[in-house]
Every structure is written in C-alpha cells, then in structure tokens.
Amino acid sequence: MSFDWPIGLLGLLAIPLAIAAYAAVQQRRTRYAVKFTNLDLLANVVEETPGWRRHLPAALYLLALGALIVALARPQTTQQVPREEATVLLVTDVSGSMNATDIEPTRLAAAQESARTLVEELPEDFQIGLISFSSASRVLVAPTPEREQVLAALETLESRGGTAMGEAILDALNVARPPEARNDGDGGAGDEDDSSDDDRDAEDSPVILVLISDGFNTDGTADPIEAAESAREMDVPIFTIALGTENGIAEVTDNLGNIRRVRVPPDKETLEEIANVTEARYFEAPSAEELDAVYEDLVSKIGYDEEDREVTAWFAGIAAAFVVAAGGLSLLWFNRFP
C-alpha cells in the first residue's frame, strides 16, 4: 500500500496521546472512588462494575480516529485491471530438439497443449499471432482475434531442423510493428490523414511476445540479444520460457541423413537475458505441469495491467463503522452517548 499524502500519517501520533489522556482520566476516577469511605453503601449503590465493557467504546473510537487519519493520507493499493486490447505473438521453437521426451510425451506436444490454454484464456479483444522457428522462422498466423485460426495452426507444428531464434524475434517485431507503421511514409498528405488514426491506434496498443525455446541459437544471421535490444527500443517485452531439462535427449538427423541421439539442454542464459533486456519475465519449465503453471501465470501478466487505485473511501467507511459500533454499545450498556 502507498499513500498520496504520506505526511498525513503523522496524525497517528495523536493516538498514543489520546490513550495516555484516557488512562489519566481513568486513574483520576479510581482515586475519587477510594475517597468514598462508606464502602458498604458504595456496594449497595453500584450493583456491578462494567469492567472491560467500560473501555470498549473508547477503544472503538480510537480505532475510528486511526482509520480517519489513514484516510486523510489518501491510501492507494495496486490492483489488476483487465487490458482492453493488446497483441500477443507466440514465438514457438519447432527445432529437432523439441522431439525430446524428457517432457512427456514430447517437448513440442507439451508446448502445444499449454499454448492452447493461453490462447483460450486471453481476453477476447486481444489479437493473437503464431510464429514458429527452426532453421528459419515462419509466420503461421498474423495477429487476429480469431482463436480458431491460431488453435488450428498449433496443431500443424512439427519439429525438425536447427534454431533461428534471433530471426524469429525480428520477424515477430515486423509482424507486430510493420516498418511502414513505425516510420514516416512517402505518401501524400491525403494518405497520411487517412492512416493517422490507424497508426496511432497501432502504437497505443501494447505488443507482447511469448518466446518458448529448448535450445541454443544455431541458425540464421540475427543474434538473439541484438534482436531483443531492437524489441526494447520498440517497447515490446519478450516473456521467455526455457523448456526441458539439462539431461534431455533428442533424435536428430544430421546433414548426411543419419539419425543421432544428442543431448539438448535449453539455453537458459540467453533466454533469461532476452527477458531482462526487454524488462519482461523469464520462466523455466522442466515439466509439463510447470509449463502449464507458467502459462497460467502469463495470462495474469499479459491480460491485466497493474494500476494504483485510491481506497480512501474504504478507510472512511471503516471509521464510520467503528463510530456507530462505539455509540451503539455506549447506549446499550450505559444509556449514554459519549
């Protein structure tokens, strides 16, 4: 919790002073009672002492005072609010190492299943696209609100070839933020007027990449970190997922057509650096269950924004409730309203 006017909290110092004043008054009452020398007559006049009940209304008033002082400082809490729109691009590794079975039934099958959950749970107004990459990258589905297109494309993924991670990131950026939308065009004034609103909307709508990979960058001319720096300049976060375990084994076909079993650990360092460069989050998914948990976490991070909301009214309402409770108990127990 934060406060818009934190200096107002200095008013809480009045509460210890109020407690001290109340204690002094109670002590004075005790001394006055001791001066009443005829104790037998006192016992007949006062049938029973209120005990702790005498102090409860005062305690409630002090709590009300504290709540009002906190309200004066204008407290704020961070809350998740649904995003109205965004473009999410799933950038999925389909290299030969995705055939590894350290995640059952295979890494690729687990990635497909979890990606379906993400696609289905993102807000309906979101644009979703799909890019696969192995030795080269392919735009399978341009950003669209039609979920069925993305789900159908996920079913077609097959693993083979190397890993061109850097090129996949650049292709995703070009799809999400086409060069003509990022730079001033050469068209006439009339064309600029017609497209200005669309370009402005494209710039305002956030773009998010979700990159899942299980290996090292082995193909393509683009360096993944340099591609991530381009994403940072375009204000595009890249959430990365390192899929698989250190001991994963995959059957791959070499250039001579021979099938070999090779160890295929994920490149955790590169994926973590990509996320850090773009101020996003890095995840590890050594199992299908943890991959599902990662995608569930991504839904909350991608589908919602965090906003500070003022909750002054809450504390004012709490203070009012304490005042009403204190007054009601005083009337009920002592027939008076302090």
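The values are calculated or read from the model by the stated rules, or taken from the named source; none is laboratory data. Values in this document were obtained by computation on a predicted structure and should not be read as measured data. Quick reminder, even Gly has a Cβ in these numbers, built from the backbone with ideal geometry, and neighbours come from all protein chains shown. The protein model used for the area step is the full one, side chains on, heavy atoms only, and it has no ligands, DNA or RNA in it. Shrake-Rupley method; radii C 1.70, N 1.55, O 1.52, S 1.80 Å.
Restricting the search to strands (runs of 3 or more DSSP E) fully inside the stretch 231-284 and requiring at least 1 residues that are without any contact (Cβ under 8 Å) to a residue 60 or more places away in the chain and open to solvent by less than 20 Å² (accessible area, probe 1.4 Å) gives 238-243.
The condition (being under 25 Å from the mean Cα position of the chain (by Cα), at pLDDT 95 or above and of a type outside the set (F, W, Y)) is satisfied by just one residue among L243, L211: L211.
Kindly indicate the residue of the stretch 285-300 that is part of a helix (DSSP H, G or I) and of a type outside the set (A, V, I, L, M) and also nearest to I212 (Cα to Cα) among those meeting that condition. Please lay out each step first, then the result.
Kept after step one, since they are part of a helix (DSSP H, G or I), are these residues of the stretch 285-300: 288-300.
Imposing the further condition that a residue be of a type outside the set (A, V, I, L, M) reduces the set to 289-290, 292, 295-297, 300.
Working: E289: 15, E290: 13, D292: 13, Y295: 11, E296: 14, D297: 14, S300: 18 Å.
Applying the filter and picking the extreme gives Y295.
Pick from the stretch 285-296 the residues that are touching a residue at least 24 places away in the same chain (Cβ under 8 Å) and out of contact with any strand residue (DSSP E or B) (no Cβ under 7 Å at 6 or more places or on another chain): which of them is surrounded by the most Cβ atoms within 10 Å (Cβ to Cβ)? First the steps, then the outcome.
Initial filter on the stretch 285-296 (touching a residue at least 24 places away in the same chain (Cβ under 8 Å)): 285-288, 291-292, 294-296.
Add one more test, that the residue is out of contact with any strand residue (DSSP E or B) (no Cβ under 7 Å at 6 or more places or on another chain), and what stays is 286-288, 292, 295-296.
Working: P286: 17, S287: 16, A288: 18, D292: 16, Y295: 24, E296: 13.
It comes out as Y295.
Looking only at the stretch 128-138, decide whether some residue is outside any strand (DSSP E or B) and under 29 Å from the mean Cα position of the chain (by Cα). Checking the stretch 128-138: not a single residue is outside any strand (DSSP E or B) and under 29 Å from the mean Cα position of the chain (by Cα). Report whether or not L108 is in a strand (DSSP E or B) and either modelled with pLDDT of 90 or more or aromatic (F, W, Y) (or both). Answer is no for this residue.
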